[in-house]
1. Here are Glu206, Glu129, Glu220: which of them is open to solvent by 40 Å² or more (accessible area, probe 1.4 Å), closer than 27 Å to Leu327 by Cα, at pLDDT 90 or above and touching a helix residue (DSSP H, G or I) at 6+ places or on another chain (Cβ under 9 Å)?
2. Give me the pairs, please: first residue somewhere in the range 141-155 and at positive phi, second residue anywhere and among the polar types (S, T, N, Q), beta-carbon distance under 7 Å, and either six or more positions apart or on two chains.
3. Hey, does the range 272-281 have a residue that's out of contact with any strand residue (DSSP E or B) (no Cβ under 8 Å at 6 or more places or on another chain), part of a loop (DSSP other than H, G, I, E, B) and of a type in the set (A, V, I, L, M)?
4. For the range 128-146: of the residues being of a type in the set (Gly, Ala, Ser) and assigned to a helix (DSSP H, G or I), which is farthest from Tyr367 (Cα to Cα)?
5. If you go through the range 350-363 one residue at a time, do you hit one that is part of a strand (DSSP E or B), basic (Lys, Arg), touching a strand residue (DSSP E or B) at 6+ places or on another chain (Cβ under 8 Å) and crowded, with 18+ Cβ neighbours inside 10 Å?
6. Report, by residue number, each residue of the range 260-283 that is within 21 Å of Glu206 (Cβ to Cβ), of a type outside the set (A, V, I, L, M) and open to solvent by 20 Å² or more (accessible area, probe 1.4 Å).
7. Keeping to the range 75-109, report how many residues are assigned to a helix (DSSP H, G or I), of a type outside the set (A, V, I, L, M, F, W, C), modelled with pLDDT of 90 or more and open to solvent by less than 80 Å² (accessible area, probe 1.4 Å).
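The values are calculated or read from the model by the stated rules, or taken from the named source; none is laboratory data. What you see is a predicted model; the values in this text were computed from it and never measured. All Cβ positions, even for glycine, are placed from backbone atoms using ideal geometry, and neighbour counts span all protein chains on display. Just so you know, the surface numbers come from the protein's heavy atoms only, side chains and all, with ligands and any DNA or RNA stripped out. Shrake-Rupley method; radii C 1.70, N 1.55, O 1.52, S 1.80 Å.
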Amino acid sequence: MEWQACLDEYQKLIIRMSTPRVVIDNAACSTATIVKVDSARRHETLLDAVQVLTDLNLSIKKAYISSDGQWFMDVFHVTDLNGNKLTDESVISYIEQSIETTYPDRCHGFNGLTALELTGTDRVGLLSEVFAVLADLQCNVVDAKVWTHNGRIASLIYVKDCNSGSPVEDSQQIDRIEARLRNVLRGDNDIRSASTSVSMAVTHTERRLHQMMFADRDYERKPVLQCRADSPVVNVQNWTERGYSVVNVQCKDRTKLLFDVVCTLTDMLYVVFHASINTAGEKAFLEFYIRHTDGTPISSEPERHRVIQCLQAAIERRASEGIRLELCTSDRQGLLTDVTRTFRENSLNVTRAEISTAMGVAMNVFYVTDVTGSLADPVIIESVRHKIGLGNLKVKELPFRYHQMAERPEEQEVGVGGAVLISLGSLVRKNLYNLGLIKSCS
């Protein structure tokens, strides 16, 4: 660590104490890389560490968090998405340098772009209308993330001027963008809750999306799908003797799960003092000992209920039910408008989207359902692929319910209803085989 000449020894000591220290160990565990972080405790220390790991798409299999007085210790068991330990020295070095930065940069290289924040009522074809407006206003979408939950939509879209390649800075143009997007978001019946804003600087994209949906109070709204087989279970109770509120979460394991939970607790102004995270197969078990920033535990039943609602919502926002479609093709003006219009014309609803461009290539991910939020017809998916380009748009992931239907045994009692189920199961298997997602349709 290099010191400025003007710093005295006391100032250097304060800096050493407040700067996180990272140790990465590949020898202690046979199945995962151990990442240890210790530092003086401040409100967002845990979130900063988890954010660095999840932004690298690393899987956190276990974690132990503990604070003793004003000192904090985090231990993470991490692998890559293939379940392998970390061996790439550049990745290891990046983790060390990023976490050891006292105040890490959360903007992720979006300098030179204009950020558009949108929230409103979700509906089929809304994303198509948004991208059509931006194309008409000569805005090139460089990067975007779109989440939907409980009938609401939140989107953070990064754009630049199509002609100049510069950020959109003209105040009149910004006013036009905001006004037209607000009209699209309002539709016919969302006059009060639609919101748009334009910014030249934003925080971490996914954290901002959580904040936007939290501010929109999506957690209080009626779910579009009433029954989810993998709905998270959240319990909150007070440990009076120690002055903690204890939060237990059980849900399906997935990438970025810990980030979503810690991000929500942090933005609700709770401090995590101790925690343990474990995974077993497809299940995740998380336990947190929390207090308010003023040191007090949860103090009322309405507050306890709100914490449960908010954590359930934070977990569900990223747990899309739809078919995952990946688009990789040369970028061009109007590409997103054309693709999302094709989805709309074929009654496909986009429940989540990740848009990115690099070196003139568009790499986009869409999760789609039918108009009711149910499973999309594989025949329609195949038709859409033909229209957009079989080599460009590929099916990469199916909801668990598709595989249940494809693998359902046919040896069952057959009445009229049974015949329909067998026929449906056979049709699904055939279509999955045609899409190349199962090895046999027999």
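1. Glu129
2. Gly151/Thr121
3. Checked against the condition, which is being out of contact with any strand residue (DSSP E or B) (no Cβ under 8 Å at 6 or more places or on another chain), part of a loop (DSSP other than H, G, I, E, B) and of a type in the set (A, V, I, L, M), the range 272-281 yields no hits at all.
4. Filtering the range 128-146 for residues that are of a type in the set (Gly, Ala, Ser) and assigned to a helix (DSSP H, G or I), the one farthest from Tyr367 (Cα to Cα) comes out as Ala135.
5. Among the residues of the range 350-363, at least one is part of a strand (DSSP E or B), basic (Lys, Arg), touching a strand residue (DSSP E or B) at 6+ places or on another chain (Cβ under 8 Å) and crowded, with 18+ Cβ neighbours inside 10 Å, which makes the answer yes.
6. Asp267, Thr279, listed by residue number.
7. Result for the range 75-109: 3.
One line per residue, one yes/no per condition, for (1) assigned to a strand (DSSP E or B); (2) not charged (D, E, K, R):
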| residue | (1), (2) |
| --- | --- |
| Asp38 | yes, no |
| His43 | no, yes |
| Val50 | no, yes |
| Met73 | yes, yes |
